[in-house]
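One structure is given below, encoded as structure tokens.
The values are calculated or read from the model by the stated rules, or taken from the named source; none is laboratory data. Note that the structure is a prediction, hence the values are computed from the model and not measured. Don't worry about glycine lacking a Cβ; one is built from the backbone with ideal geometry, like all the others, and counts go over all protein chains shown. Please note that ligands, DNA and RNA were not included when accessible areas were found on the heavy atoms of the full protein model with its side chains. Shrake-Rupley method; radii C 1.70, N 1.55, O 1.52, S 1.80 Å.
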Amino acid sequence: AEDGVESVSALTARLRGELAQRFGHVGVRGEIGEWTRAASGHVYLSLKDATARLSAVIWRSSAARLAPRDLAVGTEVIAHGRIDVYAPRGTYALQVDRLTIAGRGDLHARFERLKEELRSRGWFDA
């Protein structure tokens, strides 16, 4: 191999190790951007704020305990877990091991206010 040049797999493995070592267990607050319960039983979701989005996953073994059926887009949550790299796609995600509802998020509240304002102006009339 060329000096200083790594394979994609080697670099990805190194990034995975660095993320795990540097960040360890983290807590993050954000609004649920979207979520889906896969046929496998895993729950895939995104957490977002005004300027960033973070992919997250709740594994099937924890989904019944952590992801209530009424989980909703716009709900503000606090998620705890570990950052991991999924090598086949070259993406990182928070593997959630604890999730608490913090309330309706600010982004969602602003969206609902805007919808109501536009509705009052007749923009949604058929």
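Looking only at segment 82-97, which residues are outside any strand (DSSP E or B) and touching a residue at least 12 places away in the same chain (Cβ under 8 Å)?
Within segment 82-97, the subset outside any strand (DSSP E or B) is 87-90.
Answer for segment 82-97, where residues must be outside any strand (DSSP E or B) and touching a residue at least 12 places away in the same chain (Cβ under 8 Å): A87, G90.
Checked across segment 57-74, the condition of being open to solvent by less than 20 Å² (accessible area, probe 1.4 Å), in a loop (DSSP other than H, G, I, E, B) and touching a helix residue (DSSP H, G or I) at 6+ places or on another chain (Cβ under 9 Å) holds for at least one residue. Within segment 9-35, the set of residues being within 17 Å of I78 (Cβ to Cβ) and part of a helix (DSSP H, G or I) comprises just one member, F23. When residues in segment 89-114 are screened for being modelled with pLDDT of 80 or more and either within 17 Å of G74 (Cβ to Cβ) or among the charged types (D, E, K, R) (or both), 7 of them pass. Screening segment 36-56 for residues that are in contact (Cβ under 8 Å) with a residue 24 or more places away in the chain, in a strand (DSSP E or B) and over 8 Å from the mean Cα position of the chain (by Cα) and picking the one that is surrounded by the most Cβ atoms within 10 Å (Cβ to Cβ) gives V43.
Residue count for segment 2-35, restricted to those that are open to solvent by 60 Å² or more (accessible area, probe 1.4 Å) and either among the polar types (S, T, N, Q) or on the phi > 0 side of the Ramachandran plot (or both): 4.
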